[in-house]
Amino acid sequence: KRLFQHLKLVLLSMVFDVMIGVPLGIIASRPGIFSQLILGVTGIIYTIPSLCLFALFIPFLGTSEKNAITALVLYALLPIVHNTATGLQTISVQLRESAAAIGLKPSAQLTKIFLPMASRTILSGIKTSGIMTVALGTIAAFIGVGGLGEPILSGIDLNAPEIYILQGAIPVAFLALLIHLLFELLDRVIIPRGLRQSDSNTQEEQGIMT
């Protein structure tokens, strides 16, 4: 039951993070006041102590799953927004000019060329966000939502970490490892083969230089 509750929180939070974070990252990749505002706000949210962020929404959402999911989504936005913006910003001017020269509309340039080119960086941000969410999801127990944080909280209350805390900590570590392996698999399935080979060649060249 606790594992299911935790997985539910993590999966729902990650879905909302991707739906919100990637579009915000696309906007943040363009120079201007909106870019600075988005990166600034997500950066400030990330500096708020996680437990305070959960407590902040209690007057509005109570001690509910909505509260936990809202806090988790906001806290884990930064890696997705930052990586999406960075991945798009590193696309060369020559490639952008070539995409425009062949007559593609801006929306087609983004979906067919720029996002696939930045996909590895974006996926890395989503992976980081997912692992963060698994760990931070344990704090949901402090507002009565449940999950794998419950045995950890019980261990603290009963001063019995060897029994209770490990019951939550070990599954959380396992879930984080599982997410890491899942994204390694997605990297091989989603990322264009030519892009993976290009990254591998770059790493080999850096190894030779060092």
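The values are calculated or read from the model by the stated rules, or taken from the named source; none is laboratory data. None of these values were measured; they are calculated from a predicted model. As a convention, Cβ positions derive from the backbone with ideal geometry for all residues, glycine included, and neighbour counts pool all protein chains shown. All accessible areas refer to the heavy atoms of the entire protein, side chains included, with ligands and DNA or RNA removed. Shrake-Rupley method; radii C 1.70, N 1.55, O 1.52, S 1.80 Å.
Values as computed for the structure displayed
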| read-out | value |
| --- | --- |
| Within the stretch 16-127: Cβ-based charge dipole about Cα centre, in debye rounded to nearest 20 (Lys, Arg +1; Asp, Glu -1) | 260 debye |
| Neighbourhood charge, 12 Å Cβ-Cβ cut-off, centred on residue 106 and excluding it, Lys, Arg +1 and Asp, Glu -1 | +4 |
| Karplus-derived HN-Hα couplings along the stretch 98-108 (A = 6.51, B = -1.76, C = 1.60, θ = phi - 60°), whole Hz, x at Gly and Pro | 5, 4, 6, 5, 7, x, 6, 5, x, 5, 5 |
| Cα-centred dipole magnitude for the chain, charges only on beta-carbon of K, R (+1) and D, E (-1), debye, nearest 20 | 620 debye |
| Which of 9, 107, 153, positive extreme of dipole for the chain (C-beta unit charges) | 107 |
| Leading residue at positive end of dipole, the stretch 46-133 (Cβ point charges), from 90, 69, 53 | 90 |
| Residue among 132, 117, 19 with the largest mean-square fluctuation in a Gaussian network model of the chain, springs linking Cα atoms under 10 Å | 19 |
| Residue-averaged [θ]222 nm for the chain, counting only DSSP H segments that reach four residues, each worth -39500 (n - 2.57) | -25000 deg cm²/dmol |
| Set of lysines near residue 127 by C-alpha distance (under 21 Å), chain-local residues within fewer than 8 positions excluded | 8 |
| Residue of 100, 173, 55 that the Gaussian network model of the chain assigns the largest fluctuation, springs spanning Cα pairs under 10 Å | 100 |
| Neighbour net charge for residue 10 - beta-carbon separation under 14 angstrom, K R +1, D E -1 | +1 |
| Probe 1.4 Å, accessible area per residue of the chain, Å² | 57 Å² |
| Among 118, 76, 108: highest mean-square fluctuation, GNM of the chain, C-alpha pairs under 10 Å | 108 |
| Carbon + sulfur, % of accessible area of the chain - ligands and nucleic acids excluded, 1.4 Å | 68 percent |
